[in-house]
Amino acid sequence: MGSDLDKTAADDNVIQPFQLESSNLRGRVVRVGSVINEVLEPHGYPNPIAHLVAEAMTVTLLLSSMLKYEGIFTLQAQGDGPVSTLVADVTTGGEVRGCATFDAERLQHSREQLSALKAEESSRNHLAQYLGKGYLAFTVDQGKHTDRYQGIVELKGSSIVDCVQHYFNQSEQIGSGIKMAAGKRGELWRAGAIMLQHMPEDEKNPEAGAGNMNEDDWRRSMILLDTCTEDELLDPALHSNELLTRLFHEEGVRVFEPIAVTKGCRCNVDKVRTIVTKLPPEDIEHIAVNGKIEMHCEFCSKDFVFDLNDIRATVETKTT
Ligand SMILES: [Zn+2]
């Protein structure tokens, strides 16, 4: 059930579902602060990479919350630019993580080119600059016995949000409008996004708006959404509900129970150990240094150290 717009409750690291009463459009607001910093901090990424990871995590939160699933939603971008991989995923419980793989030398070169052009390092055109040509994929993993759904779209436009919009318009025929911003406020990263969606009539999804969507309603809502500024999305003092009121007060905003977002990594010593023992024996010998095997979680930067003899013993028992 919806509730009145409470502007006093804590409003950081949340996904806030809402609906516009006048047009039956459904939407989500995502606001993230400390969680993004907790994820980024151990990596020590240069600014453009931190920005991409923050954006990927925010888009992941936004998209996952529009779906009905139990499991893990993953967004992954692969390109031929300085950044080869960008990944973010979130569990149904709201545990999010993200990371990127990049070539530091090529990245530096790319940044120098940008400054030579006096172009600003921002979200406005980082896709071509940093990721280059490639694709963006979405996966829903619901465990062994259910479908793994994958959507895929070419890297196109100036941001991940552009790609996502392109994907919805082309592949799914779902009308969608997204405004998003990620940036530093002082020393800390923040990100915010709003999405409005009109779904085609779908019995499995009664919450989605009615099929007889009025074009005027859609256009008016998109114009209102477009007035939302980057400052509004990133202002920690501006409550999501206050923001929704500013944008859509004449449309009648109904908000639903917010979903809390936390930093979460699913790596653990047993999982990593299993990965090591499944490697070809020659690789195990190759990666060992002074009788120890060190593994590193790309997502949370945690290090795992195993004893080579111990790993050898496990592999031998398995193979004999
Ligand atoms: Zn981890």
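Among the listed residues E285, E242, identify the single one that is among the acidic types (D, E) and touching a residue at least 24 places away in the same chain (Cβ under 8 Å).
E242
Looking across region 280-302 at every residue that is open to solvent by less than 50 Å² (accessible area, probe 1.4 Å) and part of a loop (DSSP other than H, G, I, E, B), the one that is nearest to V87 (Cα to Cα) is identified as F299. With a requirement of 3 or more residues that are among the polar types (S, T, N, Q) and more than 30 Å from P258 (Cα to Cα), the helices (runs of 4 or more DSSP H) lying completely within region 34-144 that satisfy it span 104-116. Taken over region 169-183, the criterion of being over 13 Å from the mean Cα position of the chain (by Cα) and in contact (Cβ under 8 Å) with a residue 24 or more places away in the chain is satisfied by Q173, I174, G175, G177, I178, K179, G183. Against the numbered list (1) modelled with pLDDT under 90; (2) closer than 29 Å to G44 by Cα, V315 comes up short only at (2).
Do we find that N290 is within 30 Å of E21 (Cα to Cα) and either without any contact (Cβ under 8 Å) to a residue 12 or more places away in the chain or in the same structural domain as L63 (by TED's automatic domain parsing) (or both) in this structure? Spelling it out, it is not the case that N290 is within 30 Å of E21 (Cα to Cα) and either without any contact (Cβ under 8 Å) to a residue 12 or more places away in the chain or in the same structural domain as L63 (by TED's automatic domain parsing) (or both). Any residue at all in region 309-317 that is within 16 Å of the ligand (Cβ to nearest atom), open to solvent by 70 Å² or more (accessible area, probe 1.4 Å) and farther than 30 Å from L20 by Cβ? No, that holds for no residue.
Residues are listed down the side, and each one gets a yes or a no for (1) open to solvent by less than 20 Å² (accessible area, probe 1.4 Å); (2) of a type in the set (V, I, T); (3) touching a Pro at 6+ places or on another chain (Cβ under 6 Å):
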site	(1), (2), (3)
D12	no, no, no
Q16	yes, no, yes
L25	yes, no, no
V30	yes, yes, no
G44	no, no, no
N47	no, no, no
M57	yes, no, no
T60	yes, yes, no
L75	yes, no, no
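Please tell me if E251 is more than 12 Å from the ligand (Cβ to nearest atom), in contact with a Lys or Arg (Cβ under 9 Å, 6 or more places away or on another chain) and over 30 Å from N37 (Cα atoms). Spell out how you get there, then give the answer.
Values: more than 12 Å from the ligand (Cβ to nearest atom): yes; in contact with a Lys or Arg (Cβ under 9 Å, 6 or more places away or on another chain): yes; over 30 Å from N37 (Cα atoms): yes.
Yes: the conditions hold for E251.
The values are calculated or read from the model by the stated rules, or taken from the named source; none is laboratory data. None of the values given here were measured: they were computed from a predicted structure. Note that each Cβ is placed from the backbone with ideal geometry, even for glycine, and that neighbours are counted across all protein chains shown. Calculation scope for accessible area: heavy atoms of the full protein, side chains included, ligands and nucleic acids excluded. Shrake-Rupley method; radii C 1.70, N 1.55, O 1.52, S 1.80 Å.
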